[in-house]
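Asks: The structure under discussion is supplied below as structure tokens; questions concerning it will follow.
The values are calculated or read from the model by the stated rules, or taken from the named source; none is laboratory data. These figures come from a predicted structure and were not determined experimentally. Virtual Cβ from ideal backbone geometry, glycine too; neighbours counted across all protein chains shown.
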Amino acid sequence: MVKAVADVSTPLLADACVRTGVPLRAAPPGIGAVVPGHRIVGRALPARHYGSVDVFLEAFSRAVPGDVLVIDNGGRLDEACVGDLLLLEAKAAGLAGLVVWGLHRDTPELAEIGLPVFSYGHYPPGPVRLDEREPEALDTARFGPHLVSDDDVVFGDEDGVLFVAAECAEEVLATAHRIRQTEREQARRIRAGETLRRQTDFADFLARHAADPSYTFRQHLRRIGGAVEE
């Protein structure tokens with residue numbers, strides 16, 4: 001799967017989810033890579049944070065190489081919940097990286113370690129609380145409005161993070177590749193002087209839409225085999 005996703009972006013995967021009818025589950029805006037350019041893909045390994053790293057260490061004991069630790073810290077902006085020691089341990093456990101619904105610290109050390117980490121950003125203080133652990137602590141992780149489990153695959157790049165049900169990942173990836181091919185050809189033709197309006201026969205769309213207001217541009221694109229949006 002790592003090879004299959006090498007030349008497709010999260011925007012393409014998001015469009016593919018819409019086109020295939022797979023639920024579109026994106027991490028909230030602002031979640032990004034600690035090191036610009038880092039990408040991540042792997043099975044989700046969920047863990048909920050309650051103020052102590054013990055829950056993460058327990059999660060590592062059930063990890064499979066290539067997993068992505070998905071940390072639910074409730075989107076908190078008053079504490080960092082991961083740092084260099086945890087990332088080193090994740091690397092030792094064979095993980096592909098971490099995505100955090102919250103903050104990180106030890107930024108220079110994280111960059112040096114090199115394992116991809118996605119979060120809201122950096123913040124010096126760590127947690128000073130210790131909350132009661134929920135029974136689902138290692139079964140699911142909340143990430144914004146979404147509930148993530150080990151039945152999901154995590155995709156991340158410079159545009160953000162997506163969660164896709166593992167049973168749908170192959171179809172979504174194949175569709176994303178087809179969309180990419182169409183869009184790259186459209187981009188080539190624009191650079192060669194053929195405008196997108198001409199490629200999409202936009203005048204014909206306007207005429208059809210005027211005659212039938214229910215006729216949408218997305219319907220038009222699908223009719224002519226274009227991309228641009230979903």
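Asks: With hydroxyl-bearing (S, T, Y) and in contact with a helix residue (DSSP H, G or I) (Cβ under 8 Å, 6 or more places away or on another chain) as the only criterion, which of T140, T175, T107 stands out?
Replies: Step by step, each of T140, T175, T107 is checked, and only T175 is hydroxyl-bearing (S, T, Y) and in contact with a helix residue (DSSP H, G or I) (Cβ under 8 Å, 6 or more places away or on another chain).
Asks: So which residues in the range 83-92 are within 16 Å of V34 (Cβ to Cβ) and either in contact with a Phe, Trp or Tyr (Cβ under 8 Å, 6 or more places away or on another chain) or outside the structural domain of L115 (by TED's automatic domain parsing) (or both)?
Replies: L86, A90
Asks: Which condition does T195 not pass, out of (1) free of Cβ contacts under 8 Å to residues at least 60 places away in the same chain; (2) of a type in the set (S, T, Y); (3) within 14 Å of D15 (Cβ to Cβ), if it passes all the others?
Replies: Going through the list (1) free of Cβ contacts under 8 Å to residues at least 60 places away in the same chain; (2) of a type in the set (S, T, Y); (3) within 14 Å of D15 (Cβ to Cβ), T195 breaks only (3).
Asks: So, in the range 59-71, exactly how many residues are more than 15 Å from the chain's Cα centre (by Cα) and not in a loop (DSSP other than H, G, I, E, B)?
Replies: Result for the range 59-71: 2.
Yes or no, residue by residue, for (1) among the hydroxyl-bearing types (S, T, Y); (2) in contact with an Asp or Glu (Cβ under 8 Å, 6 or more places away or on another chain); (3) within 29 Å of L24 (Cβ to Cβ):
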{"residue": "D78", "(1), (2), (3)": "no, no, no"}
{"residue": "L95", "(1), (2), (3)": "no, yes, yes"}
{"residue": "V100", "(1), (2), (3)": "no, no, yes"}
{"residue": "A111", "(1), (2), (3)": "no, no, no"}
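Asks: Is it fair to say A63 is of a type in the set (G, A, S) and in contact with a His (Cβ under 8 Å, 6 or more places away or on another chain)?
Replies: no
Here is a yes/no grid of residues against (1) without any contact (Cβ under 8 Å) to a residue 24 or more places away in the chain; (2) within 18 Å of the chain's Cα centre (by Cα); (3) more than 28 Å from T175 (Cβ to Cβ):
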residue	(1), (2), (3)
G21	yes, yes, no
V34	no, yes, yes
E79	no, no, yes
L86	no, no, yes
A96	no, yes, no
L103	no, yes, yes
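Asks: Looking only at the range 197-218, count every residue that is hydroxyl-bearing (S, T, Y) and more than 26 Å from A16 (Cβ to Cβ) and tell me the total.
Replies: 0
Asks: Scan the range 127-184 residue by residue and report those that are among the polar types (S, T, N, Q) and within 30 Å of Q199 (Cβ to Cβ).
Replies: Within the range 127-184, T175, Q181, T182 meet the criteria.
Asks: Which pairs do you get when a residue that is under 18 Å from V99 (Cα atoms), found in the range 155-174, comes within reach of a residue that is charged (D, E, K, R) and surrounded by fewer than 16 Cβ atoms within 10 Å (Cβ to Cβ), reach meaning Cβ atoms under 8 angstrom, with the pair 6+ apart or on two chains?
Replies: Once the first residue is under 18 Å from V99 (Cα atoms) and sits in the range 155-174, its partners that are charged (D, E, K, R) and surrounded by fewer than 16 Cβ atoms within 10 Å (Cβ to Cβ) give A165/D151; A166/D151.
Asks: Being over 28 Å from G51 (Cα atoms) and in contact with an Asp or Glu (Cβ under 8 Å, 6 or more places away or on another chain) is true for just one of L138, L221, L173, L196. Which residue is that?
Replies: None of the other options fit; the residue is L221.
Asks: Out of all the residues in the range 42-71, which are surrounded by fewer than 23 Cβ atoms within 10 Å (Cβ to Cβ) and β-branched (V, I, T)?
Replies: V53, V55, V64
Asks: Continuing with this model, one more query. Being assigned to a strand (DSSP E or B) and among the aliphatic types (A, V, I, L, M) is the filter here; which residues of the range 40-58 pass it?
Replies: Within the range 40-58, I40, V41, A44, L45, A47 meet the criteria.
Asks: State all residues of the range 15-39 that are surrounded by fewer than 22 Cβ atoms within 10 Å (Cβ to Cβ) and not in a loop (DSSP other than H, G, I, E, B); if no residue qualifies, say none.
Replies: V18, R19, T20, A26, G32, A33
Asks: Whether any residue in the range 146-155 is out of contact with any Phe, Trp or Tyr (no Cβ under 9 Å at 6 or more places or on another chain) and over 28 Å from P116 (Cα atoms) is what I want to check.
Replies: Checking the range 146-155: not a single residue is out of contact with any Phe, Trp or Tyr (no Cβ under 9 Å at 6 or more places or on another chain) and over 28 Å from P116 (Cα atoms).
Asks: Let me confirm something: among V5, V35, which residue is in contact with a helix residue (DSSP H, G or I) (Cβ under 9 Å, 6 or more places away or on another chain) and not assigned by TED's automatic domain parsing to the domain that holds P127?
Replies: Just a single option satisfies the conditions, and that option is V5.
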